[in-house]
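A short reminder: the numbers here are calculations on the coordinates, not readings from a lab. Since we're looking at a predicted model, the values are computed, not measured. Counting neighbours? That spans all protein chains shown, and the Cβs are built from the backbone with ideal geometry, glycine included.
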Amino acid sequence: MLRTSWFSLAFGFALAACASGHGKKIEEASTNPAVGERENARSKFDGEIDDYAKTLREEGREVFRNDTFGDEEFWGGELRLHEAVAKLTPKDALAVGLKVDSGQLGKILVEAIKGGKVSLEKPETTLELLKANSVVGVKAFFDDKGKLNSIGITCALCHSTVDDSFASGIGRRLDGWPNRDLNVGAIVSLAPNLKPFTSTLGVDEAALKKVLASWGPGKYDAEVIQDGKALRPDGKSAATLLPAAFGLAGVNLHTYNGWGSVTYWNAYVAVTQMHGKGTFFDPRLADHRQYPLTKKTGFDDVRPKGEDRVTPKLAALHYYQLSIPPPKPRKDTFDAEAAKRGEAVFASKARCATCHVPPLFVEPGWSMHTAAEIGVDDFQAARSPDAKFYRTTPLRGLFVRTKGGFYHDGRFADLDAVVSHYERQLKLGLTETERRDLVEYLKSL
Ligand code: HEC
Ligand code: HEC
């Protein structure tokens, strides 16, 4: 009985293989045992997995870079941000941290900029750059006569930058690298109509502009629209640094205070921050003591009026983000010998590796810690639905996020300051050399 079923199974396979044109391959493979075994073991479904992975990655990249999820109805339609953008010269745009992807420019425009034929001091050039879809994370919409009539934003606005290979702020795109020059607050402030924000937050325009100005470059507050907490008790801005969106595969929880998984957060941002048209559900936000503003916004349970332009993209977007590797620092940017010694300090005496477990540099499992454990105030921790914890930050690719400092609000200006903090907090008793070595190791990650 067992034998016959195995036989018919094998026979069925052979038939299927012949029918799909793989018969020849199998024959060839069987004459070459070295190649044969593995090739034969691949099922048709293995091929489907490969195709699926490729499709997800490519679609996800497109979504990450170019999809507004229909949010132009908010940024253009309601805020009328395009009217302000149309008045910006490329110089102004670069000054608020917007980046230009030279790969989108095309030869003619590149030559014209190089030759000084196109001025970076004229708003018309900004429109040309927008038409070429080269302003990272900004999608412009033009009417039949070529007039800018709306604008939307994409994930890349905050989570990509460029390598400056053409000029400062103009170069090849770097997905996942946080744009620590981007002044989101200053850009939003330019919008002619800020009512959607002032009415939700219950403040006047002057107060809102003060808050937006308090963010500064490289920061954004993704939670104020839920809890209304624009300032910390110490009077400083409640905004956090734009984090890296690379090196996240294998990491369980996301955001500085662990709101949820990557895909959780993608839906959260697409719907409640970018104002894309999609579904978002999180009953935790219906706790009006913690999130009073959801009473007005209904952000605990959002259902799109028309087509859902977010949900069908979440799988690909998730996959793409997990496939972005952490960038590697150039060899001449750290002392390799010292870094090697620092690795040992990291793993033993300094106890860093108990939380930042290599090679993920975050604990496998539930990687959350109280503010007291890491020796900081609990303001930002208290804003997440768990209301208590900070997530261990994955450390690879630290070198691309030195601007703006370290920890969720950039309170430590550089890696020396981070190590000094741990030294005090954990009473490590490191020697001067050990501290230096540890910093070199961090630079090498
Ligand atoms: C306006 C700027 C902005 C835009 C646009 C934006 N993000 Fe973010 N993103 C942030 C900030 C700020 C945080 C940190 C939030 C926190 O910890 O409270 C963050 C956090 C994240 C994280 C968590 C990273 C980690 O270390 O766990 C991921 C993943 C992410 N964003 C992906 C996206 C995707 C995908 C999109 C598009 C759907 C997007 N973001 C759009 C500003 C932005
Ligand atoms: C108890 C767990 C724990 C230990 C031990 C620990 N860390 Fe951390 N680390 C964290 C958490 C949690 C954060 C996030 C803090 C924040 O954003 O406010 C963090 C953040 C960091 C950051 C900032 C990353 C960024 O992009 O902002 C660096 C750098 C860092 N840790 C290095 C170290 C080093 C070096 C050691 C050893 C001396 C160490 N950590 C020990 C939990 C830990």
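Numbers below:
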| item | result |
| --- | --- |
| Given charges at Cβ of Lys, Arg, Asp, Glu: the chain dipole, positive-most of THR433, VAL362, THR240 | THR433 |
| Whole-angstrom gap from region 180-231 to region 391-439, using each part's C-alpha centre | 29 Å |
| Environment charge of THR311, counting only residues whose C-beta is closer than 13 Å and scoring Lys/Arg +1, Asp/Glu -1 | +1 |
| Debye, to nearest 20: dipole size of the chain, +1 on Lys, Arg Cβ, -1 on Asp, Glu Cβ | 280 debye |
| Most mobile listed residue (ARG396, ARG424, ARG61) in the chain, GNM with C-alpha springs under 10 Å | ARG424 |
| Simple Cβ-charge dipole of region 229-305, Lys/Arg +1 and Asp/Glu -1, about Cα centre, in debye nearest 20 | 280 debye |
| Cβ-derived FRET efficiency at R0 41 Å, SER261 paired with GLU432, nearest 0.05 | 0.50 |
| Net charge of neighbours whose Cβ lies under 15 Å from the Cβ of THR433, counting Lys and Arg as +1 and Asp and Glu as -1 | -4 |
| Sparse-neighbourhood loop sites, trypsin sites (Lys or Arg not before Pro) in region 203-290 - DSSP loop, at most 11 other Cβ within 10 angstrom | ARG289 |
| 19 Å Cα cut-off, lysine pairs counted over region 229-377 (separation 8 or more, or different chains) | 11 |
| Radius of gyration, Dmax [region 113-184; alpha carbons; angstrom] | 13.1, 36 |
| Pair ALA249, GLU423: separation of 7 Å Cα→Cβ label points (nm) | 3.7 nm |
| Full-extension gain in nm, GLU307 to LYS44, via 0.36 nm per residue minus C-alpha separation | 91.2 nm |
| Cα-projected label distance for GLU78 with GLN104, points at 7 Å along beta-carbon direction, nm | 2.4 nm |
| Signed unit charges on C-beta, dipole axis of the chain, positive-most listed residue THR89, ASN193, VAL63 | THR89 |
| Range in the chain, longest, excluding exposed GluC sites (Glu not before Pro) [loop by DSSP; at most 11 other beta-carbon atoms within 10 Å] | 122-306 |
| Cβ-Cβ FRET estimate between PHE142 and LYS403, R0 fixed at 35 Å, reported to 0.05 | 0.55 |
